[in-house]
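One structure is given here, and the rest of the page talks about it.
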Amino acid sequence: MSSSWCVLMAALLFSCAIPCSAQHDTSHVLLTGVLRDHVVNGAVDYSAIRSDKRFARYLASLRKVDPYSISNQDERLAFWINAYNAWTIQLIIDHYPVKSIRDIQENGKGPWDITWIDIAKRKYSLNQIEHEVIRKLFDEPRIHVALVCAARSCPPLRSEAYVGGKLGEQLEDNARRFLNDASKNGFEKETNTLYLSELFSWYGDDFVTRYGSVSNFALTLLGVSRSQPPAIKYLPYDWDLNSR
């Protein structure tokens, strides 16, 4: 057997031994294709995604990844954000048609507490992914403008997957888009009142360490400078499905 053949065989054996997590697609190209084709301005065509074979292939690929072994922190966070959003879509598809995600119940559990998501042979609920993984392991409050709960008042679902190489840029862009959507957030100069999505009342404390307060975060992205702290009023949340 030639030495070159031995080198080739050794390389093949080594590649087969690499853990699946090291081989995962960090560009999340399948999800981006699905989102570009079926999400417009945050509105989702759930019926079309249900028929799109790329989506099932993407979920199957996530199941094989051990996200805890992803060494790059931004890529690891992008994985979890995409996983949360993709399985939220799947949850809607599994119960489609449905007027609101809050109408979904299984064995007495609401949509966020059903333990059904399979990642690297471990089971998760959406709440576990959000609160026990993402919020616990990552100091990044902007995840709240990226995780989408399939409701009209949610931040917009991007028409692309989140990727580690531009995660900060994507999070900042989604935050800016969300805060400058006058139907969900806004600022009234005359009364110095900041009108915010109810989402910020639930997770406002997460913004304190990095931004000082949730109002600082919001005013910066709204392009507003004030010498006096604004009054904050939280807007009611519309839980109707964010469908097209």
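Taking N as the number of residues in the range 108-163, what value does Rg over Cα atoms divided by 2.2 N^0.38 Å take?
For the range 108-163, the normalised Cα radius of gyration is 1.22.
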Checklist line | Whole-number accessible area per residue in Å² for the chain, which is evaluated in the context of all protein chains at 1.4 Å | finding: 51
Margin query: If I fit a long axis through the Cα atoms of helix 73-94 and take the longest principal axis of the Cα atoms of the chain, what angle between them do I get, 0 to 90°, rounded to 10?
Written below: 80
Item checked: Backbone N within the range 203-244 under 16 Å of label point (7 Å from residue 183 Cα along the Cβ vector) -> 235-244
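Quick one: pull the percentage of alpha-carbon pairs in the range 40-173 with a separation above 17 Å.
Within the range 40-173, distances greater than 17 Å cover 59 percent of Cα pairs.
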Checklist line | the range 88-244 - percent of accessible surface contributed by carbon and sulfur, probe 1.4 Å | finding: 44
Note to self: Using 5 Å bins from zero, what percent of all Cα-Cα pairs in the range 48-99 falls into each bin?
What the structure shows: 4, 18, 27, 21, 14, 9, 5, 2
Next item on the list: With a 1.4 Å probe and every protein chain left in place, tell me how much accessible area residue 235 has, in Å² to the nearest 10.
Entry: 50
Note to self: For the pair residue 37/residue 237, report the inter-label distance in nm, with labels modelled 7 Å from Cα in the Cβ direction.
What the structure shows: 3.2
Check: If each Cα of the range 90-244 is one equal point scatterer, what is log10 of I(q)/I(0) from the Debye formula at q = 0.13 Å⁻¹?
Finding: -0.68
Check: Can you pull out the trypsin sites (Lys or Arg not before Pro) in the range 62-122 that DSSP calls coil and that have at most 13 other Cβ atoms within 10 Å?
Finding: 99, 121
Check: Given a 1.4 Å probe and the protein chains all in place, what does the accessible area of residue 220 round to, in Å² to the nearest 10?
Finding: 100
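What does DSSP give for the chain in terms of the percent of beta bridges that are antiparallel, rounded to the nearest 5?
If we restrict to bridges inside the chain, about 65 percent are antiparallel.
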Notebook entry, point to check: So what's the gap between the Cα centers of the range 74-151 and the range 153-182, to the nearest angstrom?
Noted result: 17
Check: How far, in degrees from 0 to 90, does helix 3-17 lean away from the longest principal axis of the Cα atoms of the chain, to the nearest 10?
Finding: 40
Next item on the list: Leaving ligands, DNA and RNA out of it, report the carbon-plus-sulfur percent of the accessible area of the range 36-79 at a 1.4 Å probe.
Entry: 41
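The values are calculated or read from the model by the stated rules, or taken from the named source; none is laboratory data. Just so it is clear, the model here is predicted, and its values are computed rather than measured. A quick note on method: Cβ atoms are made from the backbone with ideal geometry, for glycine too, and the neighbour counts reach across all protein chains shown. Please note that ligands, DNA and RNA were not included when accessible areas were found on the heavy atoms of the full protein model with its side chains. Shrake-Rupley method; radii C 1.70, N 1.55, O 1.52, S 1.80 Å.
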